[in-house]
Amino acid sequence: QVQLVESGGGLVQAGASLTLACVASGRTFESLSMGWLRQAPGKERDFVASINWRGGRTYYADSVKGRFTISRDNANNTVYLQMNSLQPEDTAVYYCAAFVGYGLGYRSNEYQYWGQGTQVTVSS
């Protein structure tokens with residue numbers, strides 16, 4: 001079983017930056033494709049970004065492209081989401097997710113494992 005623990009959320013003003021981190025355990029990290037998804041109040045969980053097992057391929061939702069960067073450190077079993085130029089519409093609970101595989105995940109239902117989530121709130 002894979003455990004995912006997120007950290008790094010918080011309350012920031014519009015235009016600020018935050019970096020989320022997610023530490024994985026329970027399985028060889030390189031066997032996992034990783035992603036970040038988010039859920040705003042009253043809305044469905046939306047895809048944000050994904051990264052393949054080696055980190056050579058990434059994919060972003062249009063809403064965050066150019067502002068967010070996903071990366072991974074396989075030596076430390078950690079995936080990151082660097083978020084720049086945050087806007088109030090980025091306010092959500094951010095979830096780290098994983099599935100066993102070598103490709104990229106684009107949809108919520110592709111992910112097998114989930115973290116508890118970390119709240120990101122952006123004030124205007």
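So which residues in the range 51-83 are touching a helix residue (DSSP H, G or I) at 6+ places or on another chain (Cβ under 9 Å) and hydroxyl-bearing (Ser, Thr, Tyr), if there are any at all?
SER63, THR78
Please go through the range 81-117 and pick out each residue that is closer than 17 Å to THR58 by Cα, of a type in the set (A, V, I, L, M) and open to solvent by 30 Å² or more (accessible area, probe 1.4 Å).
Scanning the range 81-117 gives a single hit, VAL100.
For the range 42-51, how many residues are within 12 Å of the chain's Cα centre (by Cα) and at pLDDT below 95?
Number of matching residues: 0.
Take the residues in the range 84-124 that are out of contact with any helix residue (DSSP H, G or I) (no Cβ under 7 Å at 6 or more places or on another chain) and of a type in the set (A, V, I, L, M), then tell me which one is nearest to THR19 (Cα to Cα).
Top of the filtered list is LEU86.
Which residue is farthest from TRP114 (Cα to Cα), if the candidates are limited to the range 14-54 and must be among the β-branched types (Val, Ile, Thr) and in contact (Cβ under 8 Å) with a residue 12 or more places away in the chain? Walk me through it before giving the result.
At the first step, the residues of the range 14-54 found to be among the β-branched types (Val, Ile, Thr) are 19, 23, 28, 48, 51.
In the following step, the residues that additionally are in contact (Cβ under 8 Å) with a residue 12 or more places away in the chain were identified as 19, 23, 48, 51.
Values: THR19: 18, VAL23: 11, VAL48: 14, ILE51: 15 Å.
Among them, the one singled out is THR19.
Listed here are the residues, each with its yes/no results for (1) open to solvent by less than 60 Å² (accessible area, probe 1.4 Å); (2) at pLDDT 95 or above.
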| position | (1), (2) |
| --- | --- |
| TRP53 | no, no |
| GLY56 | no, no |
| GLY66 | no, yes |
| VAL79 | yes, yes |
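Which condition number in (1) at pLDDT below 95; (2) in a strand (DSSP E or B) is the one that TYR106 fails?
(2)
Inside the range 26-40, can you point out the residues that are small (Gly, Ala, Ser) and not in a strand (DSSP E or B)? Step through it out loud before you land on a result.
Start the filter on the range 26-40 by keeping residues that are small (Gly, Ala, Ser), which leaves 26, 31, 33, 35, 40.
Within the range 26-40, GLY26, SER31, ALA40 meet the criteria.
Can you tell me which of (1) in contact (Cβ under 8 Å) with a residue 40 or more places away in the chain; (2) assigned to a strand (DSSP E or B) is the one LEU86 doesn't meet?
Of (1) in contact (Cβ under 8 Å) with a residue 40 or more places away in the chain; (2) assigned to a strand (DSSP E or B), only one is false for LEU86: (2).
Output the number of residues of the range 68-77 satisfying the condition of being in contact with a strand residue (DSSP E or B) (Cβ under 8 Å, 6 or more places away or on another chain) and surrounded by fewer than 15 Cβ atoms within 10 Å (Cβ to Cβ). Let's see the steps before the verdict.
Keep residues of the range 68-77 that are in contact with a strand residue (DSSP E or B) (Cβ under 8 Å, 6 or more places away or on another chain), which gives 68-73, 76-77.
The next check asks that each one be surrounded by fewer than 15 Cβ atoms within 10 Å (Cβ to Cβ); those that pass are 73, 76.
So the answer is 2.
Residue check, TYR106 against (1) at positive phi; (2) under 14 Å from the mean Cα position of the chain (by Cα); (3) not β-branched (Val, Ile, Thr), all met but one. Which one?
Tallying (1) at positive phi; (2) under 14 Å from the mean Cα position of the chain (by Cα); (3) not β-branched (Val, Ile, Thr), TYR106 fails exactly one: (1).
Where residues in the range 1-51 are of a type in the set (Lys, Arg) and open to solvent by 70 Å² or more (accessible area, probe 1.4 Å), which of them is farthest from VAL122 (Cα to Cα)? Before the answer, list the steps.
Of all residues in the range 1-51, those of a type in the set (Lys, Arg) come to 27, 38, 43, 45.
With the extra rule that they be open to solvent by 70 Å² or more (accessible area, probe 1.4 Å), the set shrinks to 27, 43, 45.
Details: ARG27: 34, LYS43: 17, ARG45: 18 Å.
Checked the range 1-51; the qualifying residue farthest from VAL122 (Cα to Cα) is ARG27.
The values are calculated or read from the model by the stated rules, or taken from the named source; none is laboratory data. Bear in mind that the values here come from a model prediction, so they are computed numbers and not experimental data. Virtual Cβ from ideal backbone geometry, glycine too; neighbours counted across all protein chains shown. To get the accessible areas, we keep the full protein, side chains included, count just its heavy atoms, and leave off ligands, DNA and RNA. Shrake-Rupley method; radii C 1.70, N 1.55, O 1.52, S 1.80 Å.
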